[in-house]
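Okay, so here's the structure we're looking at.
The values are calculated or read from the model by the stated rules, or taken from the named source; none is laboratory data. Small disclaimer: the values here were computed from a predicted structure and weren't measured. A quick note on method: Cβ atoms are made from the backbone with ideal geometry, for glycine too, and the neighbour counts reach across all protein chains shown. Note: areas computed on protein heavy atoms with side chains; ligands, DNA, RNA excluded. Shrake-Rupley method; radii C 1.70, N 1.55, O 1.52, S 1.80 Å.
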Amino acid sequence: MLFPTQDGRQMSNATTSKARIRTKTKAESVTPRVALVLQGGGALGAYQAGVYHAMHENGLTPDWVVGTSIGAINAAIIAGNERDMRLSRLKEFWEQVGHGDLTDLSKVPDAMRQFNTWWTTTDVTTRGVPGFFSPRSLNPFMVGMPVQAEQASFYDTTPLAETLARLVDFDYLNSPGGMRLTVSAMRVACGSLVNFDSQERKIGVEHIMASGALPPGFAPVRIDGDLYWDGGLYSNTPLEVVLDDESKTDVDGNTLCVMVDLWNADGPEPTTLDQITNRQKDVTFASRSERHIENYLRMYQLRRAAQALYDKLPPALRSKSDLKEFKGLHDNSTIHIVRLRYSGHDWNMPSKDINFSRGSIEWRWEQGYADAMQAAERVKANGDTFGDSDAGLVVHELVLPPVS
């Protein structure tokens with residue numbers, strides 16, 4: 001089905017130009033690697049699905065998808081299906097987890113939509129989300145009694161395991177030459193972040209489940225003997241995975257990285273309990289990308305300086321074994337980060353990430369689609385802007401008007 005907006009309009013299925021952005025080198029045009037980076041954010045993840053929808057229609061197919069929590073689920077569905085199945089599988093997931101509304105939200109005032117959101121989140125907390133999670137009945141964990149580690153949570157996520165097994169073709173995901181997938185999870189015993197990468201190991205349902213195991217709602221997932229929680233507890237925006245890969249590997253050409261932010265670090269001073277709780281969540285899970293970018297640029301300049309010094313050495317010194325590692329230390333590739341930000345304020349409700357109202361999901365999808373279509377038009381219109389740069393990394397902010 002198409003996802004209608006709140007004023008009753010429907011998103012167009014018309015496919016726009018399939019031309020991929022091409023960055024120019026001295027010799028020829030080279031198609032850049034396209035990476036899609038997806039945060040954790042529960043029900044807000046419908047915005048990410050809308051972003052992919054627009055990328056899909058514009059031929060900006062990711063070569064690599066990196067995700068945490070709900071971002072890992074979206075990423076697995078994208079990477080774990082052939083191209084003509086990706087969008088329909090994403091829609092199937094979000095239609096399944098959508099909670100029926102009290103009324104058509106496109107035909108009621110804002111106050112009624114807010115009440116519907118409150119009712120939806122209350123019902124989700126009580127009864128769970130079909131195909132995602134359900135309350136544990138007669139759960140001793142809720143009264144402070146010890147249980148097995150894999151059952152230490154308020155909700156059972158077995159329904160999500162079944163949904164992933166149905167919507168993700170793991171044989172296709174793990175086949176050679178497919179779209180690369182990386183999902184992040186935090187090792188419970190030591191608090192370290194682990195990135196499960198399809199280029200390095202076979203990815204299964206358990207890795208996606210581990211990336212979204214946010215306590216105390218969801219129980220940790222055991223992989224190879226270790227327990228893992230949601231990667232968002234350590235870092236909710238896995239941009240550093242892309243930056244580290246760029247600095248450690250020989251990447252052919254530039255990288256176009258589409259980064260989708262679901263939380264906003266900036267906001268007004270809170271004055272109510274709801275506003276304070278909402279602000280706390282925003283700050284906790286907001287992107288730390290500025291810090292990662294600063295670190296990357298610092299290392300980029302150091303590698304560039306080391307390469308320049310190596311190039312000035314006489315051939316006899318260059319051949320020494322302890323200096324050979326400096327050869328090729330720096331390349332001229334550039335990372336272009338196109339940053340898309342979810343701009344819905346959700347009435348400053350701290351439960352916005354568990355607001356699985358079908359109307360809210362459809363609106364978020366539509367907004368992600370609209371924002372990404374605007375970004376895609378900018379990418380196609382300004383191809384040279386996304387070419388080589390001496391800076392090594394360029395951030396392209398898409399400035400959008402506030403959304404009610």
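Structure values in brief
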read-out: Protein accessible area in segment 98-152, 1.4 Å probe - carbon and sulfur %; value: 61 percent
read-out: Label-point gap, in nm, between Ser88 and Asn174 - each point 7 angstrom along Cα→Cβ; value: 2.5 nm
read-out: Calculated FRET value between Thr122 and Thr158, using beta carbons and R₀ = 22 Å, to 0.05; value: 0.45
read-out: Modelled label reach - Gln151, point 7 Å along Cα→Cβ, segment 223-242 residues with backbone N closer than 15 Å; value: none
read-out: Two-site label geometry, Ala165 and Thr284: point separation in nm, points 7 Å out along Cα→Cβ; value: 3.2 nm
read-out: Approximate spin-label separation Asp390-Leu138, in nm, with each point projected 7 Å along Cα-to-Cβ; value: 7.3 nm
read-out: Inter-part distance where segment 268-322 and segment 98-143 are each reduced to a Cα centre, Å; value: 39 Å
read-out: Those trypsin sites (Lys or Arg not before Pro) in segment 101-204 that DSSP places in a loop and that have at most 13 other beta carbons within 10 Å; value: Arg201, Lys202
read-out: Accessible area in square angstrom per residue, segment 185-312, 1.4 angstrom probe; value: 49 Å²
read-out: Accessible carbon and sulfur surface of segment 175-232 relative to its total accessible area, %, 1.4 Å; value: 51 percent
